[in-house]
Amino acid sequence: PRITVLDDERIRVQMSGRIDGSSRVRVRIFSGNSCICEGEGMDVILQIPDVRHWDAEHPYLYTCEVCIENEGSVTDKAVTSFGMRTLGWGKDGFLVNGKPVLLRGACIHHDNGVLGACCYPDAEARKIRILKENGYNAIRSAHNPCSKALLEACDRQGMLVMDEFVDVWYIH
């Protein structure tokens, strides 16, 4: 599913692909273990009640569950987490949820030192935890994109990310 935050309270959940006529797509949003809203279809707009915003100090995440059902049975299921936030910038600086935030960041590489370039979710979470404990609230992935495990650790722990796709300094 592709999740787009439309405004302070609404999200849009879009699915790609095709399903047969007897199947239905069910979208549910969870806050903790409670389903807080749901809808059906390939393109659904949902209103989130009593939104809890994600920021570096309070990284609140919701869970989106998309199920394809056929004759009462779930034939496919995707689950992803997401946070609700607004970003802005201007004369007051960089704003997260309307509040100024000073970025205290670091450039990191995709590897884990002596563990090498393999992605180990625990090692990625440890890296972000150590940065957070030392006062950082932002990272830039230097020269290579972040692993999914690193991005998930950042979401859970409240780290802003500039995910650099490639280092293209040789192009003017």
Are any of the residues in segment 42-50 open to solvent by less than 60 Å² (accessible area, probe 1.4 Å), assigned to a strand (DSSP E or B) and in contact with an Asp or Glu (Cβ under 7 Å, 6 or more places away or on another chain)?
-> no
Conditions: (1) of a type outside the set (Val, Ile, Thr); (2) loosely packed, with under 12 Cβ neighbours inside 10 Å; (3) without any contact (Cβ under 8 Å) to a residue 24 or more places away in the chain. GLY135 meets all but one. Number of the miss?
-> (3)
Out of all the residues in segment 37-55, which are more than 15 Å from the chain's Cα centre (by Cα) and within 17 Å of GLY83 (Cβ to Cβ)?
-> CYS37, LEU46, GLN47, ILE48, PRO49, ASP50, VAL51
Looking only at segment 51-76, and only at residues there that are at pLDDT 95 or above, open to solvent by 30 Å² or more (accessible area, probe 1.4 Å) and not hydrophobic (A, V, I, L, M, F, W, C), the one that is nearest to LYS132 (Cα to Cα) | GLU57
List, please: which pairs have Cβ atoms under 6 Å, are six or more places apart or on different chains, and start with a residue in segment 1-25 that is more than 12 Å from ILE68 (Cβ to Cβ) and end with one that is open to solvent by less than 60 Å² (accessible area, probe 1.4 Å) and not in a strand (DSSP E or B)?
-> GLU9/ILE48; GLU9/VAL51
Pull up segment 20-36, narrow it to residues that are over 15 Å from LEU61 (Cα atoms) and not in a loop (DSSP other than H, G, I, E, B), then point me to the one that is nearest to the chain's Cα centre (by Cα).
-> VAL27
For segment 95-110, state whether one or more residues are within 30 Å of GLN14 (Cα to Cα), part of a strand (DSSP E or B) and either aromatic (Phe, Trp, Tyr) or touching a Gly at 6+ places or on another chain (Cβ under 9 Å) (or both).
-> yes
Of the residues SER34, SER22, which single one is loosely packed, with under 13 Cβ neighbours inside 10 Å and either touching a Pro at 6+ places or on another chain (Cβ under 9 Å) or modelled with pLDDT under 95 (or both)?
-> SER22
Taking into account only those residues within segment 93-118 that are of a type outside the set (Val, Ile, Thr) and touching a Lys or Arg at 6+ places or on another chain (Cβ under 8 Å), which is most open to solvent (accessible area, probe 1.4 Å)?
-> CYS107
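The values are calculated or read from the model by the stated rules, or taken from the named source; none is laboratory data. What you are looking at is a predicted structure, and each value in this text was computed from that prediction instead of being measured. Quick reminder, even Gly has a Cβ in these numbers, built from the backbone with ideal geometry, and neighbours come from all protein chains shown. What goes into the accessible areas is simple: the full protein's heavy atoms, side chains included, and nothing from ligands, DNA or RNA. Shrake-Rupley method; radii C 1.70, N 1.55, O 1.52, S 1.80 Å.
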